[in-house]
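A.B. asks: Structure incoming, see below.
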Amino acid sequence: MRRQHLLFTFAAAVMLLLSSVAVSAQTGQLFGEVSMKQADGTEVPAAGAAIDVYRTDISGKYSTKTDKKGKFMFAGLPYVGVYIIAASAPNARPDAIAEVRAGREVNYKLTLSPGDGKRLTEAEAKSMGAGSGPSNNGGDAPKESAEDRKKREELMAKNKEIEEGNKKITSANETVNKSFAAGNQALKDKKYDEAITLYDQGINIDPTHPGAPALMTNKSVALRARGVDRYNAAARLTDEAAKTSAMAAAKQDFKDAVDTSTKAIELLKTQTAPTDAEALKSFNANKYYALAARAEAMRLHVSKGDPTQADAGLAAYQDYIAAEPDAAKKAKAQVDVAQMLLDAGAADKAYAEFQKALADNPESVDALLGAGLSLFASGDKGKYQEAANYLQRFVDKAPEDHKFKADAKAVLDNLKSQENIKPQKTTTTTGGRRRG
């Protein structure tokens, strides 16, 4: 009995909805620290230093002071904004950093030196920041020839090899099934460390085992869930060193989730689809869940860890969307990939994907919001009018308790006051596009 003749069927992977992610894609923190250079060249925290943050893509100013450790933080600044941080203090020469963005988990550092205590204006901050035998049948039986004996012994050895192989396969199947079941229970109970360890026990038995992809897919889900918990916990920390370390662990989980689900997909590509109907159904389900797991892991990895992987994230979502039979889930995935691209700073690519979502559902409030923010984030003032039109349609259609309605109104107010741009009435055209 050869290995490929074994019927190995897995239940559908347990997929958790990580709706508990408490990080916003539209606003983020901006934090850093200020030090004061002493006469001997050493640096000490600059307590009470004035911090002025100027928004440069549109008009805006935010101010605060450093604490006793010279640290400062602004919560909830618009993610799409571009800023300059300026620091000043009495008897000190000011310092500034330009091209700063909120929500990137960067600890911006500024250094003051002895000086006249000047507080920089926006223009001055911009200028400074630029810087496993047969029996015998009786006496009448013919004697076994040397050649026949050799063949018999070879057959016996082969049978033994097959028998031992089948024992190993049976043992592996039992171990993998146990790891899969136990891991799923731990995952359901949100014991993510235990789930990951249990899935690894099954994978390490034989990484090429027919059941390995399902184990890898669920391990990816567990890694992703643990990463979300770690990220949210890190966001609440006030100690910067602890926060940086915790954020790094969360981001590593997101990356590992991507790598693990990708291994599952690549292994499935090497496996021959079974001919048995039920086995084929399970095989196809494993492919679907692996694609779904990779897409979601990519969303978090790109948005919260490595925006340079935006194109890989887009490709992962395209594979998943092509395999998704549910229209509602397909539509949600289309908005999710567009938002991922926007979070990564790829505004033009994000806008193209939001347009695909609007082509299928012109009244999608999330796609309307995303399209407007993508145009606004492009920095091209020639696109601001269309951005305002989309944002106004979002404001008109979104429920009052939509968490980004106030933000959209704020952007519209800024466009009106700073750019003299007011939303225009629009009409629907083919494909869900709107024209002013």
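A.B. asks: Between a first residue in the stretch 193-215 that is assigned by TED's automatic domain parsing to the domain that holds SER261 and under 19 Å from ALA292 (Cα atoms) and a second residue that is part of a helix (DSSP H, G or I) and among the aromatic types (Phe, Trp, Tyr), which pairs have beta carbons less than 8 Å apart while being 6 or more apart in sequence or on different chains?
C.D. replies: Matching pairs, first to second residue: GLY211/PHE180; ALA214/PHE180; ALA214/TYR289; LEU215/PHE180; LEU215/TYR199.
A.B. asks: In addition: Quick one: ARG55 ticks every box in (1) surrounded by fewer than 18 Cβ atoms within 10 Å (Cβ to Cβ); (2) in contact with a Gly (Cβ under 8 Å, 6 or more places away or on another chain) bar one, so which box is it?
C.D. replies: (1)
A.B. asks: Would you check which residues across the stretch 387-436 are of a type in the set (Ser, Thr, Tyr) and either part of a helix (DSSP H, G or I) or modelled with pLDDT of 95 or more (or both) and list them? Give the derivation first.
C.D. replies: Within the stretch 387-436, the subset of a type in the set (Ser, Thr, Tyr) is 390, 417, 426-430.
Listed by number, the residues that qualify are TYR390, SER417, THR430.
A.B. asks: Would you pick out the residues in the stretch 370-408 that are surrounded by fewer than 21 Cβ atoms within 10 Å (Cβ to Cβ), closer than 17 Å to GLN339 by Cβ and of a type in the set (A, V, I, L, M)?
C.D. replies: ALA398, the sole residue that qualifies.
A.B. asks: I would also like to ask the following. Go through the stretch 89-132 and give me each residue that's hydrophobic (A, V, I, L, M, F, W, C) and more than 21 Å from ALA46 (Cα to Cα).
C.D. replies: We begin by selecting, within the stretch 89-132, every residue hydrophobic (A, V, I, L, M, F, W, C); these are 89, 92, 96-98, 100, 102, 106, 110, 112, 120, 123, 125, 128, 130.
Selection gives ALA102, ALA123, ALA130.
A.B. asks: Next question, about the same structure. Return the pairs, sorted by first residue and then second, in which the second residue is among the hydrophobic types (A, V, I, L, M, F, W, C), the first residue lies in the stretch 310-334 and is outside any helix (DSSP H, G or I), the beta carbons are less than 7 Å apart, and the residues are 6+ apart or on different chains.
C.D. replies: If the second residue must be among the hydrophobic types (A, V, I, L, M, F, W, C), the pairs left are GLU324/ALA333.
A.B. asks: Return the only residue of ASN232, ASN177 being outside the structural domain of HIS301 (by TED's automatic domain parsing) and either farther than 26 Å from PHE283 by Cα or modelled with pLDDT under 95 (or both). Can you show your working first?
C.D. replies: Numbers: ASN232 fails: outside the structural domain of HIS301 (by TED's automatic domain parsing).
Of the residues listed, the single one that is outside the structural domain of HIS301 (by TED's automatic domain parsing) and either farther than 26 Å from PHE283 by Cα or modelled with pLDDT under 95 (or both) is ASN177.
A.B. asks: Same structure, new question: Are any of the residues in the stretch 16-29 more than 30 Å from PHE254 (Cβ to Cβ) and at pLDDT 50 or above? Full working, then the answer.
C.D. replies: Residues of the stretch 16-29 more than 30 Å from PHE254 (Cβ to Cβ): none.
No, that holds for no residue.
A.B. asks: Can you tell me which residue within the stretch 270-312, out of those that are hydroxyl-bearing (Ser, Thr, Tyr) and surrounded by fewer than 22 Cβ atoms within 10 Å (Cβ to Cβ), is farthest from ARG104 (Cα to Cα)? Outline the logic, then answer.
C.D. replies: Of all residues in the stretch 270-312, those hydroxyl-bearing (Ser, Thr, Tyr) come to 270, 272, 275, 282, 288-289, 303, 308.
Filter once more, so that each one left must be surrounded by fewer than 22 Cβ atoms within 10 Å (Cβ to Cβ): 270, 272, 275, 282, 288, 308.
On the way: THR270: 38, THR272: 43, THR275: 49, SER282: 41, TYR288: 32, THR308: 13 Å.
The selected residue is THR275.
A.B. asks: Does LEU77 satisfy being within 27 Å of SER245 (Cβ to Cβ), crowded, with 18+ Cβ neighbours inside 10 Å and either modelled with pLDDT under 90 or in contact with a Lys or Arg (Cβ under 6 Å, 6 or more places away or on another chain) (or both)?
C.D. replies: Taking the combined requirement at face value, the residue satisfies it.
The values are calculated or read from the model by the stated rules, or taken from the named source; none is laboratory data. Please read all numbers here as calculations on a predicted model, not as lab measurements. Cβ: placed from backbone, ideal geometry, glycine included. Neighbour counts: every protein chain shown.
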